[in-house]
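To start, the structure under review is shown below, and the notes come after it.
The values are calculated or read from the model by the stated rules, or taken from the named source; none is laboratory data. The shown structure was predicted, so the numbers you read here are calculated from the model rather than taken from an experiment. Cβ: placed from backbone, ideal geometry, glycine included. Neighbour counts: every protein chain shown. These area figures cover heavy atoms from the full protein model, side chains too; ligands, DNA and RNA do not enter into them. Shrake-Rupley method; radii C 1.70, N 1.55, O 1.52, S 1.80 Å.
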Amino acid sequence: MDKTVNQKAWFLVLPVFLVVAFSAVLPLMTVVNYSMQDTFGNNQFFWNGVGWFKELLDPSTDLGGRFLASLGRNLFFSLVILAIEVPLGIVVALSMPRHGWTVAACLVILALPLLIPWNVVGTIWQIFGRPDIGLLGYTLNAMGIDYNYVSNAVDAWVTVIAMDVWHWTSLVALLCYAGLKSIPEAYYQAAQIDGASRWAVFKAIQLPKMNRVLLIAVLLRFMDSFMIYTEPFVVTGGGPGNSTTFVSIELVKIALGQFDLGKAAALSLVYNLIILIVCWIFYTVMTNAGVERKAQAEEEPAAERKPAGVLQPAMALKAKEGVA
Amino acid sequence: MARIDLVDLAHSYGGNDAPQESFALKPVTMTWRQGGAYALLGPSGCGKTTLLNVISGIITPSRGKILFDGKDITPLSTQKRNIAQVFQFPVIYDTMTVGQNLAFPLKNRGVPKAEIDKRVAEIGRLLDLEPYLNRKATRLTADAKQKISLGRGLVRSDVAAVLFDEPLTVIDPELKWQLRSKLKALHRELDLTMIYVTHDQTEALTFADTVVVMHDGRVVQSGTPAELFDKPAHTFVGYFIGSPGMNILPAEVRGREARIDGHAITLNRSYDNLPDGAKIEIGVRPEFVEVVTSAPGLLSAKIERIDDLGRIRFARTRLGDVKLAARAPAGFTSSDGTAGLKFDPSHIHVYADSLLVEGAA
């Protein structure tokens, strides 16, 4: 365990420092710098302290109102698409074939929406939903349903949600399918022997075995939908009014539309913070699940030798779960 | 609880039109009586698991019928068949407690709650799972998991049979011994028909009162351990059961005499009508051949080595191209590497094309 002292080794790390500094630290610090100041152009800046942040979090101001409203819309959007895509993805995965050439066919069809660039997805749905030339819009109107995503907020929401479901349910389905494929055949045979109904098989075998991939699916879909920009921007442009303006769209409006750099910088820092916190929560939950599994593997040899002694405290801890 | 009859049952994974030689399970007709403890013994790939899965309904047979108490249940699904099966690797529903795991087969069949609790408590007691019943079924040792799987197999009192598919493969040798004794005790206590698949002869012979030996998709013999040992119906049984296995020697048999390399060995019975053109062999277990100092009139063999098993010593010898194991009495040594072989005539069997031929007295 003798460590050679060689200070020259620092030079090997230097390139990484430089790259990270120029690609991440400096831009971020610039944003922090902007968030503390106000500018009226001409490269003249005035110190504003935490003023933008105070305004941002105060719903009675214009900035705060817009931010909190778009944040609310964004959270609602994420919840709705999770509530639709996760169950739907599970159902799709369950109904997929398990053997033969149909497996490959299903996988290709499912992967198609995932391969389309986001602005193209937006364009597809924008045209698809148009009442004059779009297949969906025209058909709905011909059936007597008054559908127009440009003028009606509910229609706009329905369109944006349908688009996201169409675009991303495949991802959830593919992840679930991978989880299902990893269940050994013996589990299904044992369930047959035990006389389990289809529902009981799902509840006792398939769902528990899928929970890890489901966690990943929820994480990915939450993150993606929370920073959604391109598709709703292309389809509705945030309208009608502000009804489909999500946080990222609001941010772009303030930063590039109004050129309010200070407000935009404050907003993007808070936005970033929210995403970091959510990431951290998910990361903790997922690693904890992993730790539990590892502990279980380590406990096994110990439990083997002296089952009663080792298990008593664990039983006391587990009693509540057992009832549940 | 039922008698299980297999009538002309066969299965091929390649479909019914495949040539019969390729069938995983060749046509078999046999009866499993109620309350028996059976072992299905054979090497890997001989069709044991196929036969088991056909009985439990996981596989629908290509041909033939399965009768439970005379009633044809071949088309019924596994769920409706009233059979329990335990698999090679433990299957645990890990969101449930151990008790709920045991109760699962009963709950699915709508058994009343009081009855379920009673059965679960009883099986928990029999398998020493009582302290675990309210625990989550995760974080358990491999043998505890397999005990739960066994418990789920045994918990239903009305099953036609409980099938075990090499259930102790994942268990440590010492616990294996305990669990096997436990199963044997459970068999006596619960009065269930049990069919136990294994490729381990010790396991089969200690567990079962009837051992069914399979070879290459065929049932070659079914009988008590003693029958299999004393009178193997097929050279494969002789070779597979016993350690070391039976010696099989090509011979010419005429009347009461077998000739090996021109040397005559007297037989206890007379074999006059052996089929023409068949491959004739004699089989004798190593326990009934003794190596002695070479002497005129005795078949002479070359000694390759002597294995000392503690209780008994076996000499590994060679007769021309054929290997032969024989008992080496205490104090036996050979100065020149050869020995004479002394056969016990009452334990020599004659096989024609691998099948046992009964001689006339």
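Summary table
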{"read-out": "Filter result (in a loop (DSSP other than H, G, I, E, B) and either open to solvent by less than 40 Å² (accessible area, probe 1.4 Å) or in contact with a His (Cβ under 9 Å, 6 or more places away or on another chain) (or both)) within the stretch A:179-200", "value": "A:183, A:194, A:195, A:196"}
{"read-out": "Test: residue B:79 is modelled with pLDDT under 85 and part of a helix (DSSP H, G or I)", "value": "yes"}
{"read-out": "Residues of the stretch B:144-165 that turn out to be under 25 Å from the mean Cα position of the chain (by Cα), of a type in the set (Gly, Ala, Ser) and outside any helix (DSSP H, G or I), as a count", "value": "2"}
{"read-out": "Scope the stretch B:281-311; condition over 24 Å from residue B:359 (Cα atoms), surrounded by 13 or more Cβ atoms within 10 Å (Cβ to Cβ) and of a type in the set (Gly, Ala, Ser); matching residues", "value": "B:294, B:300, B:301"}
{"read-out": "Residue in the stretch B:43-63 that is assigned to a loop (DSSP other than H, G, I, E, B), more than 25 Å from residue A:185 (Cβ to Cβ) and either modelled with pLDDT of 85 or more or open to solvent by 70 Å² or more (accessible area, probe 1.4 Å) (or both) present", "value": "no"}
{"read-out": "Qualifying residue in the stretch A:232-240 (condition: open to solvent by 30 Å² or more (accessible area, probe 1.4 Å) and within 14 Å of another protein chain (Cβ to nearest Cβ))", "value": "no"}
{"read-out": "Unmet criterion (only one of (1) touching a strand residue (DSSP E or B) at 6+ places or on another chain (Cβ under 7 Å); (2) on the phi > 0 side of the Ramachandran plot) for residue A:241", "value": "(1)"}
{"read-out": "Residue within the stretch B:86-101 that is over 18 Å from residue A:204 (Cβ atoms), surrounded by fewer than 21 Cβ atoms within 10 Å (Cβ to Cβ) and away from chain A (no Cβ under 14 Å) present", "value": "no"}
{"read-out": "Subset of the stretch B:293-344 (residues that are farther than 20 Å from residue B:243 by Cα and either in contact with a Pro (Cβ under 7 Å, 6 or more places away or on another chain) or among the charged types (D, E, K, R) (or both))", "value": "B:302, B:321, B:336"}
{"read-out": "Selected residue (only one of B:129, B:168, B:133 is in contact with a strand residue (DSSP E or B) (Cβ under 9 Å, 6 or more places away or on another chain), more than 10 Å from chain A (Cβ to nearest Cβ) and without any contact (Cβ under 8 Å) to a residue 40 or more places away in the chain)", "value": "B:168"}
{"read-out": "Selected residue (only one of B:39, B:144 is of a type outside the set (Val, Ile, Thr), facing another protein chain (nearest Cβ under 8 Å) and in contact with an Asp or Glu (Cβ under 9 Å, 6 or more places away or on another chain))", "value": "B:144"}
{"read-out": "Residue satisfying condition, being of a type in the set (Asp, Glu) and touching a residue at least 40 places away in the same chain (Cβ under 8 Å), within set A:132, A:164, A:155", "value": "A:164"}
{"read-out": "Count - residues of the stretch B:6-42 that are in a strand (DSSP E or B) and open to solvent by 30 Å² or more (accessible area, probe 1.4 Å)", "value": "5"}
{"read-out": "Of all residues making up the stretch B:107-143, the number that are in a helix (DSSP H, G or I) and open to solvent by 10 Å² or more (accessible area, probe 1.4 Å)", "value": "19"}
{"read-out": "Criterion violated by residue A:243 - all others in (1) open to solvent by less than 30 Å² (accessible area, probe 1.4 Å); (2) part of a helix (DSSP H, G or I); (3) more than 10 Å from chain B (Cβ to nearest Cβ) satisfied", "value": "(2)"}
{"read-out": "Failed criterion for residue B:311 (all others in (1) among the charged types (D, E, K, R); (2) part of a strand (DSSP E or B); (3) modelled with pLDDT under 85 hold)", "value": "(2)"}
